[in-house]
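Before any comments, here is the structure.
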Amino acid sequence: MTTIEVDEDEHGSWTVFRVRGELDLVTSPGIRRRVHDAVAGGRHDLVIDLSAVRFCDSSGVGVLIASRRLLRSCGGRLRLILPEQRADGEGHVGRVLSALGVHRLFDVYEDMPEALSGVPDQPIPKPRRTAP
């Protein structure tokens, strides 16, 4: 069974969603609704902490891209917390975003203090091609 949990917090001007579980076709509409509700409530600065998301499919990626577009359209900001890939599976979403080539669309941070301070994680370098 697909499950997702979202905790919502306020940190100054930032609304923080801590997402845990699986971000997929079944759960993505709920995340989309939460983002829309936040924007409708006048909250235009959003941090989405995806460090505890175990699985993300294209529906989840679509919600993140749509959230970015929505927040930019109202002058807001979206920041994602994506830890590096580790042996325990943490970092799955970052790997998916990189594989799809959309990681660069987002302001990505390693943890909450970085996201709230505005000091971004270093961008992922593009792979270098070597001559055969």
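The values are calculated or read from the model by the stated rules, or taken from the named source; none is laboratory data. Everything numeric in this text was worked out from a predicted model, so none of it was measured. For neighbour counting, all protein chains shown are included, and Cβ atoms are generated from backbone atoms with ideal geometry for every residue, glycine included.
Any idea which of 67, 51 is touching a residue at least 12 places away in the same chain (Cβ under 8 Å), part of a helix (DSSP H, G or I), in contact with a strand residue (DSSP E or B) (Cβ under 8 Å, 6 or more places away or on another chain) and surrounded by 12 or more Cβ atoms within 10 Å (Cβ to Cβ)? Write out each step before concluding.
On the way: 51 fails: part of a helix (DSSP H, G or I).
Step by step, each of 67, 51 is checked, and only 67 is touching a residue at least 12 places away in the same chain (Cβ under 8 Å), part of a helix (DSSP H, G or I), in contact with a strand residue (DSSP E or B) (Cβ under 8 Å, 6 or more places away or on another chain) and surrounded by 12 or more Cβ atoms within 10 Å (Cβ to Cβ).
Residues are listed down the side, and each one gets a yes or a no for (1) over 13 Å from residue 14 (Cα atoms); (2) aliphatic (A, V, I, L, M); (3) modelled with pLDDT under 95:
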position	(1), (2), (3)
48	no, yes, no
57	yes, no, yes
70	yes, yes, no
78	no, yes, no
83	yes, no, yes
92	yes, no, yes
99	yes, yes, yes
103	yes, no, yes
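If you scan the stretch 70-79, which residues turn out to be assigned to a loop (DSSP other than H, G, I, E, B) and either under 13 Å from residue 97 (Cβ atoms) or touching a Leu at 6+ places or on another chain (Cβ under 8 Å) (or both)?
76
Can you pull out every residue in the stretch 25-48 that is buried (at least 17 other Cβ atoms within 10 Å of the Cβ) and of a type outside the set (Lys, Arg)?
Once the filter is applied, which keeps residues that are buried (at least 17 other Cβ atoms within 10 Å of the Cβ) and of a type outside the set (Lys, Arg), the stretch 25-48 yields 27, 28, 31, 35, 38, 39, 44, 45, 46, 47, 48.
What's the number of the only condition in (1) in contact with a His (Cβ under 7 Å, 6 or more places away or on another chain); (2) at pLDDT 95 or above that residue 33 fails to meet?
With (1) in contact with a His (Cβ under 7 Å, 6 or more places away or on another chain); (2) at pLDDT 95 or above applied to residue 33, the lone miss is (1).
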